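Report on the structure given below.
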Amino acid sequence: MPDATVDFSARAANVFFHVLTRCNLRCRYCYINPAAHGRRRLPVERIERWLAVLAERSPGANLVLLGGEPTLHPDLPRTVRAARRLGYASVTIDTNGYLFHDILEALSPGEVDTFSFSLDGAAPETNDRLRGKGSWAACLKGIRKARARGFEASLIFTVSAANAVELDALGPLLEDLGVRRLFLQVLGLRGRAAAAAPGREPGLRLSPEQWRARIPVAAAAIAARGIRVLAPPVFLEPGEPFVCAGRTADNYFVFPNGRVYRCPLGEDYPVHSLAFRRDRLEERPPLNERDLFALDIPEGCVMNRLVQPDTLRYTPEGKPAYRVGCCLIKEEILPPGGRGEAGAPWSR
Ligand code: SF4
């Protein structure tokens with residue numbers, strides 16, 4: 001098994017700001033839940049006020065702008081410039097690659113650190129079955145265009161039983177595209193995936209055995225090409241320490257309806273610990289996610305235990321067969337004998 005040595009930085013603050021929830025695609029396991037997150041496009045004046053509140057609370061945070069598809073927001077360039085003025089350490093735009101409103105022309109590489117593209121298959125038919133017809137070609141076109149304009153591009157690949165085998169082909173594709181960083185995500189049972197879970201999406205999530213047998217080796221092979229690969233620890237080995245980022249890190253998952261979560265796993269439920277009310281960020285009374293982070297349970301991640309219990313296994317004695325790690329902690333997967341950089345950045 002390859003080394004996985006870079007832990008998250010407990011001091012870094014990260015703001016994941018959903019500027020709208022609308023999207024042009026209907027991905028099979030989209031985590032957006034309109035009942036919980038609203039259907040609004042946040043006016044840019046409000047975005048600016050909320051960004052200012054968060055910048056004052058956590059100076060020098062990294063900002064990730066997302067949606068829905070954030071480039072559908074006509075005021076995204078103004079949002080990026082506001083973030084720069086407010087002193088955010090980095091600005092990333094997560095996109096499906098359609099890049100609406102000529103966003104690559106409206107912004108310069110000096111204003112955006114990275115465009116992070118979502119692609120869930122090395123082959124078009126695999127990706128398009130999951131994300132929608134034509135989305136593979138659009139994403140690749142977007143990546144090439146962004147690279148040609150001088151922007152940094154990273155890739156977010158949500159690993160599932162439908163695409164895990166394609167990790168072998170992903171390395172050469174990323175090399176060809178000039179993408180130097182890859183985030184591997186675990187398929188979360190939230191939003192549309194949760195609604196579909198009881199029968200319609202059986203087997204899409206990898207079992208611990210499948211994950212361990214396949215993903216670290218495939219990821220290390222990609223890393224051997226000089227591509228930085230970041231993935232959550234997912235299933236902890238015996239003796240491996242468990243850390244809940246909800247206790248130690250400074251993350252904000254902001255939605256247009258004012259809900260602000262510290263952990264994304266609870267986003268289908270009103271367990272957010274913070275909320276914007278009339279442009280003030282207010283702590284919410286117990287019980288909320290913060291009370292859950294404080295619990296020590298043998299299964300590891302308490303939120304996973306609550307919202308995705310079917311991901312757990314137990315021994316005949318009733319003990320957890322493994323602990324589930326924090327989905328927010330990104331570790332760098334290195335090629336055998338490789339060395340990683342410190343301070344891995346975050347992605348959703
Ligand atoms: S994913 Fe689990 S371990 Fe990580 S912050 Fe959420 S509750 Fe804590």
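Just to verify a result, which residue in segment 229-251, among those that are of a type in the set (Val, Ile, Thr) and in contact with a Lys or Arg (Cβ under 9 Å, 6 or more places away or on another chain), is surrounded by the fewest Cβ atoms within 10 Å (Cβ to Cβ)?
Step one: list which residues in segment 229-251 are of a type in the set (Val, Ile, Thr), which gives 229, 234, 243, 248.
From the residues that got through so far, the ones that are in contact with a Lys or Arg (Cβ under 9 Å, 6 or more places away or on another chain) too are 229, 234.
Values: Val229: 32, Val234: 23.
Across segment 229-251, the extreme among qualifying residues is Val234.
I want to confirm something. Restricting to segment 281-304 and keeping residues that are out of contact with any helix residue (DSSP H, G or I) (no Cβ under 9 Å at 6 or more places or on another chain) and not in a loop (DSSP other than H, G, I, E, B), which single residue is farthest from the ligand (Cβ to nearest atom)?
Here the answer is Glu282.
Name the one entry in Thr71, Thr92, Thr114 that is under 19 Å from the mean Cα position of the chain (by Cα) and either at pLDDT below 95 or within 16 Å of Phe253 (Cα to Cα) (or both).
Thr92
Here's the yes/no breakdown for (1) at pLDDT 95 or above; (2) crowded, with 23+ Cβ neighbours inside 10 Å:
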| position | (1), (2) |
| --- | --- |
| Gly97 | yes, yes |
| Glu105 | yes, no |
| Ser108 | yes, no |
| Thr126 | yes, no |
| Ala162 | no, no |
| Leu167 | yes, no |
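If I ask for residues that are away from the ligand (no atom under 13 Å from the Cβ), among the small types (Gly, Ala, Ser) and in contact with a helix residue (DSSP H, G or I) (Cβ under 9 Å, 6 or more places away or on another chain), which ones from segment 238-275 would you list?
The answer is Gly258, and nothing else.
I need the full set of residues from segment 254-296 which are modelled with pLDDT of 95 or more and at positive phi, in order please.
Listed by number, the residues that qualify are Gly258, Asp279.
With respect to Arg278, determine if the residue is within 14 Å of the ligand (Cβ to nearest atom) and surrounded by fewer than 20 Cβ atoms within 10 Å (Cβ to Cβ).
Working: within 14 Å of the ligand (Cβ to nearest atom): no; surrounded by fewer than 20 Cβ atoms within 10 Å (Cβ to Cβ): yes.
For Arg278, the condition - within 14 Å of the ligand (Cβ to nearest atom) and surrounded by fewer than 20 Cβ atoms within 10 Å (Cβ to Cβ) - is not met.
Of all residues in segment 309-328, how many are surrounded by 13 or more Cβ atoms within 10 Å (Cβ to Cβ), in a loop (DSSP other than H, G, I, E, B) and either near the ligand (Cβ under 10 Å from one of its atoms) or among the hydrophobic types (A, V, I, L, M, F, W, C) (or both)?
Qualifying residue count for the region: 5.
The values are calculated or read from the model by the stated rules, or taken from the named source; none is laboratory data. Since we're looking at a predicted model, the values are computed, not measured. Every residue, glycine among them, receives a Cβ derived from its backbone with ideal geometry; neighbour counts consider all protein chains shown.
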